[in-house]
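The values are calculated or read from the model by the stated rules, or taken from the named source; none is laboratory data. Because the structure is a prediction, the values reported are computed rather than measured. Ligands, DNA and RNA are stripped out before the accessible areas are found, and what is left, the full protein with its side chains, is counted by its heavy atoms. Shrake-Rupley method; radii C 1.70, N 1.55, O 1.52, S 1.80 Å.
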Amino acid sequence: MVAALVISLGLMAAPPALRLVQLVQGTPVGVIEARVEGGAFHYRVRHVFRDEARAFEATWPVDAEGRDEAGRLPELLALARRRPDGCLEVREERTGATERLCLEAQGTRARLDGAPLRLAYGPGGALRAVELLDAKGGVLSRFEVSDAAVRPGADPFHEGFSIGGAPGPRVVLTPGGPLSRARVQGVARPVEGSCLPAARAVAASLPGASVQVGVLVEGGRAWPHAWVRRADGVQLDPTRPDDEARAGHYLPFPEAAAGRWYLELASGARALAFAGR
């Protein structure tokens, strides 16, 4: 349902292209892009980690304000700017279904078909973040607005990020500086499939453990990857056998910066390069 949440414009002009980083349990999992262009609304989701459903796209005719033939705004456009309290019908981007959006508390809280949302707006009433909450007020999923654009026509999360220079023992993020290589262990029976669900499942089974995200350097490229950090500090990759994991070149990202770094690497605002000792 709330598969896309956020973004758009004042109702009297065509909205600009907009992007959000989606985070689930603090882990960046995908990038959402939306724009009104050529009489149509264009919606695209690209997932960060390998083996996930790579991308979803949808397009439909709209007027200059982004409304479809039934007068409905996409969820993103309806939430993009602070609005007066009240209810309206909106269009769910993936299915095209009609959902009821009700805003309250001066536009800082809302319900989308009954699902509670918390909204944050910046100067001028522009949307900065949307949080999908559970019944107790916990954050199930967060969507943060970003200005960084993924390169047109590219899917760098699927292709991996290029690393400049001749292969070497260290990798430098520019801007940012050297990235510290993590010592990661593997398992006797690796889990098949995507790294993120595997890491979440293992972390949930170990008291005090958490999901660690970053990149794994393979074949001269850096691939978004997730593994587990135990409470004792030991790092574990449940998708790799032990000998393979110990030989792997894992570069963890700080939790607070991971989503931004992934998107900036995808846009070219940051770059990776091998460096000597």
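When Rg and Dmax of the Cα atoms in Å is calculated for this entry, the matching label among (1) 20.2, 62; (2) 21.6, 71; (3) 22.7, 63 is (1). The largest accessible area among F56, F274 belongs to the first residue in F56, F274, and the rest follow in falling order (1.4 Å probe, all chains). The distance from the alpha carbon centre of region 204-277 to that of region 119-189 is 11 Å, rounded to a whole number. Helix 258-267 axis versus longest C-alpha principal axis of the chain: approximately 80°, rounded to the nearest ten. Between the Cα long axis of helix 195-205 and the first principal axis of the chain there is an angle of about 80°, rounded to the nearest 10. Across region 172-277, the mean sequence separation of Cα contacts (distance under 8 Å, 6 or more residues apart), normalised by length, yields a relative contact order of 37 percent. Ordered by solvent-accessible area of protein heavy atoms (1.4 Å probe), largest first, the residues C102, C195, C87 come out as C87, C102, C195.
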